[in-house]
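Quick notes on the structure that follows.
The values are calculated or read from the model by the stated rules, or taken from the named source; none is laboratory data. Computed from a predicted model, the values in this text were never measured in an experiment. A quick note on method: Cβ atoms are made from the backbone with ideal geometry, for glycine too, and the neighbour counts reach across all protein chains shown. Ligands, DNA and RNA are stripped out before the accessible areas are found, and what is left, the full protein with its side chains, is counted by its heavy atoms. Shrake-Rupley method; radii C 1.70, N 1.55, O 1.52, S 1.80 Å.
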Amino acid sequence: MSAQRRNDLAAAFRIGGKHYDAVRPSYPSAAVDFMVPPTARDAVDIGAGTGIFTAMLLARGLDVRAVEPSQDMLEVLHTRLPEVCATPGTGESTGLADLSADVITYAQAWHWVDPKQASSEAARILRPGGKLSLVWNQLDVSVSWVHRLARIMHAGDVHRPDFSPPLGQEFFAPEPGQWTWTQQLTGEQIIELAKSRSYYLRASEATRARVEHNLSWYLYDHLGHATGEPITVPYLTHAWRARLKG
């Protein structure tokens, strides 16, 4: 993705923090186990959004700092986690001190940065032997009806099975982890989830209406779900952890 396209897509998240926080899922605890070294004390969550993953780090007893470029998202994070030091910044320029973290995490956010610049910034912040850990939730498109749902939603963060995130030369090759799980959502909640994605946020009113209509037809008419009925939605979580060289 070019820098211009990355910035254009990311701009969609400058507003709508409360809606994002209400509809986006959390992450499997096993993914956090995988991403965070057992000896870690200080964590930095970059692209923290509204603090969904930040809260999971905090629950592990870590001293957590959060970095997020969207002021609207930061306001939700401050309200949700007032005990966390959360500051504006990007993966390429965090404003944090050298050698100040044992682990740096990106939850649903590495695709918004320049990987070489963000890797250099992470290497500057991490202590020797520190870890850079990345995680994505995605709809489990190996399930046929979910695959079609993802296409209607324009879920752009569905990775190929052989995907490995690009990192700078400061890090060893990333180790992968993968988990499947499910979430109970109504059709209405699935439609609200679609509204939190960059495709929908950047779309015209006509395109938004078409996405909502297609989702409504697919969930209620084609699949036969009733309004308010819980639907078991399969998810796949990918994570990678990479150790700092040297």
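Tabulated data for the structure shown
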{"quantity": "Members of segment 87-103 that are open to solvent by less than 10 Å² (accessible area, probe 1.4 Å) and farther than 16 Å from PRO166 by Cβ", "calculated": "THR94, ALA101, VAL103"}
{"quantity": "Among the residues listed as VAL23, VAL64, the single one being modelled with pLDDT under 95, open to solvent by less than 40 Å² (accessible area, probe 1.4 Å) and among the hydrophobic types (A, V, I, L, M, F, W, C)", "calculated": "VAL23"}
{"quantity": "Hey, ALA173 in contact with a Leu (Cβ under 6 Å, 6 or more places away or on another chain) and either assigned to a helix (DSSP H, G or I) or open to solvent by 10 Å² or more (accessible area, probe 1.4 Å) (or both) or not", "calculated": "no"}
{"quantity": "Lone unmet requirement of (1) of a type in the set (A, V, I, L, M); (2) out of contact with any strand residue (DSSP E or B) (no Cβ under 6 Å at 6 or more places or on another chain); (3) crowded, with 16+ Cβ neighbours inside 10 Å; (4) without any contact (Cβ under 8 Å) to a residue 40 or more places away in the chain for LEU139", "calculated": "(4)"}
{"quantity": "Failed criterion for THR207 (all others in (1) of a type in the set (Ser, Thr, Tyr); (2) open to solvent by 30 Å² or more (accessible area, probe 1.4 Å); (3) outside any strand (DSSP E or B) hold)", "calculated": "(2)"}
{"quantity": "Of all residues in segment 114-136 being within 19 Å of GLU68 (Cα to Cα) and open to solvent by 10 Å² or more (accessible area, probe 1.4 Å), the one that is farthest from the chain's Cα centre (by Cα)", "calculated": "ARG124"}
{"quantity": "Residue match in segment 72-85 (condition: open to solvent by 10 Å² or more (accessible area, probe 1.4 Å), in a strand (DSSP E or B), over 23 Å from ALA155 (Cβ atoms) and out of contact with any Asp or Glu (no Cβ under 7 Å at 6 or more places or on another chain))", "calculated": "yes"}
{"quantity": "Residue in segment 214-246 that is nearest to SER29 (Cα to Cα), counting only those that are among the β-branched types (Val, Ile, Thr) and surrounded by 12 or more Cβ atoms within 10 Å (Cβ to Cβ)", "calculated": "THR237"}
{"quantity": "Leading residue by the ranking (least open to solvent (accessible area, probe 1.4 Å)) among those in segment 28-51 that are assigned to a loop (DSSP other than H, G, I, E, B) and of a type in the set (S, T, N, Q)", "calculated": "THR50"}
